[in-house]
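To keep things clear, I will list the structure first and then write my remarks on it.
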Amino acid sequence: MFQRHFHAQDTDLIIASHPKTGTTWLKSLLFATVNRFNQPKNESALLKHHPHELVYRLENNVYGEAFEYPRPQHLNELPSPRLLNTHMPYNSLPGSIMSSGCRVLYISRNPLDTVVSFYYFMLDLLKKMVHEKQFINTSLEDFFEDFYNGRSVHGPFFEHVLGYWKASLEHPDKLLFLKYEDLKKDPVNHVKKLAEFVGVPFSPQEESEGVIQDIIQLCSIKNLKELEVNKSGVFNKYYDKKSYFRKGEIGDGIQQLAPSMVERMNKLMEEKLEGTGLSF
Ligand code: A3P
């Protein structure tokens, strides 16, 4: 549905990602950056809405059946620029995304942290399904094995990342490639980069007034996690709103996975990323 029916507009800003790489964070940063002129920090819609209610996921929320809201017609009601999101691999994107003037922001993350984050998210989700007898018990080891072998809902992790990485090298004005770890280590410069990329750079006055720091603070996991709107409630019966905010740390994968799993993943990463210029 999404592939066949979605027509990107030149002004669209589309966040693309593999699940559990920081999509929710990037949604909030993009939303706060783009809307900073009409929504000062104390009036941000992020204080009253979960980031996933402000930046729709195209294949699920809009064109899929998974969520009760919104529908494709709602896309026409969104203010410009429309902020949208997809987990689709690069090669599966609807053609208009690359042929139009819209911009794509991709967020990636170290696979060790991604797989652990994904496991806990899925475990939470699957446990909720236990009442409907759809619960499939899975261990971190089994989940890792599937992820390692490329059996993942949105396709193999490395192919997902490399599809967007290569496209970002070919079309740097069209596709901004971000890493979760870089955002964590240097949020100010990355939020500045993001704002420039989407055409709303921070003015020297905004910089001196600390607008960038305010956005970073508003979108910090510590802040978002404590907001009433993100603490309770579910999307589509099973998806706890709070499950999108867990630890938000770098290095949880190494802590949680057995050394042999870490070693195997690092070896695979070395093979897959060799000669690409990308590293985690
Ligand atoms: P962890 O499970 O490692 O804590 P996604 O949004 O793509 O589903 O990714 C979820 C991951 O991003 C989770 O990682 C979550 O805790 C983390 N996350 C969510 N909001 C964040 C924020 N504002 N800052 C940093 N990390 C955040």
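FYI, it's all coordinate maths here, none of it is from the lab. Keep in mind that this is a model prediction, so the values were computed, not measured. Here the Cβ positions follow ideal geometry from the backbone for every residue, glycine too, while neighbour counts run over all protein chains shown.
Structure values in brief
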read-out	value
Rg over Rh, two decimals, region 1-118 (C-alpha only, Kirkwood Rh)	0.95
Cα-based Rg of region 133-280 normalised by 2.2 N^0.38 Å, two decimals	1.28
Net charge dipole size for region 162-221 [Lys, Arg +1 and Asp, Glu -1 on Cβ; Debye, nearest 20]	320
Amide H contacts under 5 Å for D240, placed H, 5+ residues apart	F235
Span-like helix ranges in the chain, DSSP H, alpha carbon extent 24 angstrom or more, Kyte mean at least -1.0	111-128
Cross-link table K27/K222; K27/K166; K179/K242; K179/K237, entries beyond 20 Å C-alpha to C-alpha	K27/K166; K179/K242; K179/K237
Cα centroid of region 1-42 to Cα centroid of region 79-118, whole Å	9
At 1.002 mPa s and 20 °C, Stokes D of region 71-112 from Kirkwood alpha-carbon radius, µm² per second	171
Sequence of W25, W165 once ranked by neighbouring C-beta atoms within 10 Å, starting from the fewest	W165, W25
Translational D in µm²/s for region 1-54 (Stokes-Einstein at 10 °C, 1.306 mPa s, Kirkwood Rh from C-alpha pairs)	124
Rg to Rh, two decimals, where the chain supplies the alpha carbon set and Rh follows Kirkwood	0.94
Cα-based reach from K225 at 16 Å (exclusive), listing aspartates and glutamates while leaving out same-chain residues under 8 positions away	E53, D240, E249
Value of [θ]222 nm, deg cm²/dmol, for the chain, DSSP H segments ≥ 4, -39500 (n - 2.57) each, nearest 500	-12500 deg cm²/dmol
